[in-house]
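Read through the structure below, which is laid out as structure tokens, and then see the notes.
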Amino acid sequence: MKPMLNILLVTLGLTAASCSKSYHLPPPQQTTPVKTDTAKFTLADANTAYSAFNKYFYNPSAKLYYSSTDKSGLGAIWTQAIYWDLAMDVYQRTNDTAQMRMITDIYAGAVNQYDNYNWSNATDWFIYDDMMWWITALARANQLTGNATYLQHAIAGFDHVWAGSYDPVKGGMFWDFQHSGKNACINYPTVIAAARLYQITKDTSYLSKAKSVYAWAKANLVNPANGEVADHKIGDGAPGYQDYTYNQGTAIGAGVMLYKVTNDASYLTDAKSYADYTENSMCHNGILPEEGDFNEQGVMKSIFAQYIMMLINDGGQKQYLPWVQQNVNTGWDNRDPARNLTYRAYNVPCPTGEIQSYEGSSVVTFMQICPPSN
């Protein structure tokens, strides 16, 4: 999902209350000093953090996640795909057969909740980027498990989104059914999904689509001077620059994946510029921004985690690892010790009252895919 500026909401005749996603500008970067004596997390801590996340947020009946610790309702449709990615991260780290059951259970929960991935259901799926988060996860699940059903859903979803979202005249992907704007949150995930489908099927049409959308996004959503990724572009207007970690992250992931399938080093150079901007211009004392208040924006750093680690691992860019480890250690050190829950603001203590699964997810995700520091 994607936070938009008020001008776009006015254009659509919407208000923040009329959407299932919350639209708030990010707060100023925090100025709380980062502790210098931060404890270092361990692999045992990674297990503890994931167990706690499931204890307080997972609904075993629905096989999906609650939106908050009060367990009053399920989380937003797009965030469930991010939590499914988390389940896959845990399996890849542990190779635990019980965790494979978690992967199949979350899939089954989504089948039941979201009309068996009926992409034409405009009630469950009311915006293109919500679909694409699931499509990227379905393709990844097929790569991990070999389950052909996951691939069938991913292909059907990609084809549906491409038919409705791609602009054949000017290029790029629209984020919503009304074609109000072209946003980073649909364009870069489309590149990632297309690259994954190319890896799986070897169908070169997916690679062509990935390259095309990436080229449009680079030309229209990136500041070439510093690697800042714009949030959106409306019509022929100037890009709307709001700094969000998930946009930086998916741009990184798109660049790394295209580098891997093409061996074109320019894509890797791009990915490093997006990472450099995040580290040098979006962080305070090296710590990633809080992002959002009490809304779905808390899940953004979970997405960033996937792709900065892809740059480190698949792109061979180990220079970013100490920075990532600093963030993970800080976030885990500031957990709620009674519940072992973590928070979206890494450098402040996790609240002891109600928190959302969105804001509790990113440190847990980092812990599954980032190696502990020595």
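The values are calculated or read from the model by the stated rules, or taken from the named source; none is laboratory data. Bear in mind that the values here come from a model prediction, so they are computed numbers and not experimental data. With ideal geometry, Cβ positions are generated from the backbone for all residues, glycine too; neighbour counts draw on all protein chains shown.
Return the residues of the range 333-370 that are over 20 Å from the mean Cα position of the chain (by Cα) and not polar (S, T, N, Q); say none if nothing qualifies. Don't jump to the end; show me each part of the working.
So the first thing to find is which residues in the range 333-370 are over 20 Å from the mean Cα position of the chain (by Cα), and the list is 333-340, 347-354.
ASP333, ARG335, ASP336, PRO337, ALA338, ARG339, VAL348, PRO349, CYS350, PRO351, GLY353, GLU354, listed by residue number.
Residues checked against (1) part of a helix (DSSP H, G or I); (2) free of Cβ contacts under 8 Å to residues at least 12 places away in the same chain:
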residue	(1), (2)
ALA238	no, yes
ILE252	yes, no
SER266	yes, yes
LYS272	yes, no
PRO289	no, no
GLY298	yes, no
MET310	yes, no
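Can you confirm whether GLN248 is under 24 Å from LEU288 (Cβ atoms), part of a loop (DSSP other than H, G, I, E, B), of a type outside the set (Gly, Ala, Ser) and in contact with an Asp or Glu (Cβ under 9 Å, 6 or more places away or on another chain)?
no
If I filter the range 97-107 for residues that are among the hydrophobic types (A, V, I, L, M, F, W, C), free of Cβ contacts under 8 Å to residues at least 24 places away in the same chain, in a helix (DSSP H, G or I) and surrounded by fewer than 16 Cβ atoms within 10 Å (Cβ to Cβ), do I get at least one hit?
yes
Looking at the range 274-287 only, could you name the residues that are of a type outside the set (A, V, I, L, M) and outside any helix (DSSP H, G or I)? I'd like the intermediate steps shown before the answer.
If we filter the range 274-287 for residues that are of a type outside the set (A, V, I, L, M), which is where we start, we get 274, 276-281, 283-286.
CYS283, HIS284, ASN285, GLY286, listed by residue number.
List every residue pair whose Cβ atoms lie under 6 Å apart, where the two residues are 6 or more positions apart in sequence or sit on different chains, the first residue falls within the range 112-131 and is free of Cβ contacts under 8 Å to residues at least 24 places away in the same chain, and the second residue, located anywhere, is surrounded by 14 or more Cβ atoms within 10 Å (Cβ to Cβ).
ASP115/ASP124; ASN121/ASP115
Which residues, counting only those in the range 54-74, are crowded, with 23+ Cβ neighbours inside 10 Å and outside any helix (DSSP H, G or I)?
Residues satisfying the conditions are LEU64, TYR65.
Hey, can you tell me all the residues within the range 75-86 that are β-branched (Val, Ile, Thr) and buried (at least 24 other Cβ atoms within 10 Å of the Cβ)?
THR79, ILE82
Can you find even one residue in the range 194-210 that is in contact with a Gly (Cβ under 6 Å, 6 or more places away or on another chain) and not in a loop (DSSP other than H, G, I, E, B)? Quick ask: steps written out before the conclusion?
Step one: filter the range 194-210 for residues in contact with a Gly (Cβ under 6 Å, 6 or more places away or on another chain), giving none.
Within the range 194-210, not a single residue is in contact with a Gly (Cβ under 6 Å, 6 or more places away or on another chain) and not in a loop (DSSP other than H, G, I, E, B).
Restrict the check to the range 282-303 and report whether at least one residue is surrounded by fewer than 21 Cβ atoms within 10 Å (Cβ to Cβ) and among the small types (Gly, Ala, Ser).
There is at least one residue in the range 282-303 that is surrounded by fewer than 21 Cβ atoms within 10 Å (Cβ to Cβ) and among the small types (Gly, Ala, Ser).
Assuming PRO349 fulfils every condition listed in (1) outside any loop (DSSP other than H, G, I, E, B); (2) over 30 Å from THR269 (Cβ atoms) apart from one, which condition is it?
That leaves (1) as the condition not met.
Could you tell me which residue of the range 196-205 is nearest to the chain's Cα centre (by Cα), considering only residues that are in contact (Cβ under 8 Å) with a residue 40 or more places away in the chain and closer than 15 Å to VAL161 by Cβ?
Looking at residues that are in contact (Cβ under 8 Å) with a residue 40 or more places away in the chain and closer than 15 Å to VAL161 by Cβ, I get ARG196.
Identify all residues within the range 75-96 that are assigned to a loop (DSSP other than H, G, I, E, B) and more than 24 Å from LEU43 (Cα to Cα); write none if there are none. Break it down stepwise before answering.
Taking the range 75-96 as the starting set, the residues that turn out to be assigned to a loop (DSSP other than H, G, I, E, B) are 75-76, 95-96.
If the condition is that a residue be assigned to a loop (DSSP other than H, G, I, E, B) and more than 24 Å from LEU43 (Cα to Cα), then GLY75, ALA76 are the ones that fit.
Go through the residues of the range 36-45 one by one and say whether even a single one is in a loop (DSSP other than H, G, I, E, B), at pLDDT 95 or above, among the hydroxyl-bearing types (Ser, Thr, Tyr) and surrounded by fewer than 18 Cβ atoms within 10 Å (Cβ to Cβ).
yes
May I ask you to verify whether TYR320 is of a type in the set (Phe, Trp, Tyr), surrounded by fewer than 20 Cβ atoms within 10 Å (Cβ to Cβ) and either in contact (Cβ under 8 Å) with a residue 40 or more places away in the chain or farther than 21 Å from GLN80 by Cβ (or both)? Working first, answer last.
Details: of a type in the set (Phe, Trp, Tyr): yes; surrounded by fewer than 20 Cβ atoms within 10 Å (Cβ to Cβ): yes; either in contact (Cβ under 8 Å) with a residue 40 or more places away in the chain or farther than 21 Å from GLN80 by Cβ (or both): yes.
Considered against the rule, which asks whether it is of a type in the set (Phe, Trp, Tyr), surrounded by fewer than 20 Cβ atoms within 10 Å (Cβ to Cβ) and either in contact (Cβ under 8 Å) with a residue 40 or more places away in the chain or farther than 21 Å from GLN80 by Cβ (or both), TYR320 comes out as yes.
I'm trying to understand the selection: among the residues of the range 336-362, which are among the acidic types (Asp, Glu), touching a residue at least 24 places away in the same chain (Cβ under 8 Å) and out of contact with any strand residue (DSSP E or B) (no Cβ under 7 Å at 6 or more places or on another chain)? Show your work before the answer.
Here is the first cut: in the range 336-362, the residues among the acidic types (Asp, Glu) are 336, 354, 359.
Of the ones still in play, those that are also touching a residue at least 24 places away in the same chain (Cβ under 8 Å) are 354, 359.
Matches in the range 336-362: GLU359 only.
Mind checking which residues of the range 240-250 are free of Cβ contacts under 8 Å to residues at least 60 places away in the same chain and over 15 Å from the mean Cα position of the chain (by Cα)? Show your work before the answer.
To start, the set of residues in the range 240-250 that are free of Cβ contacts under 8 Å to residues at least 60 places away in the same chain comprises 241, 245, 248-249.
Within the range 240-250, TYR241 is the sole residue that qualifies.
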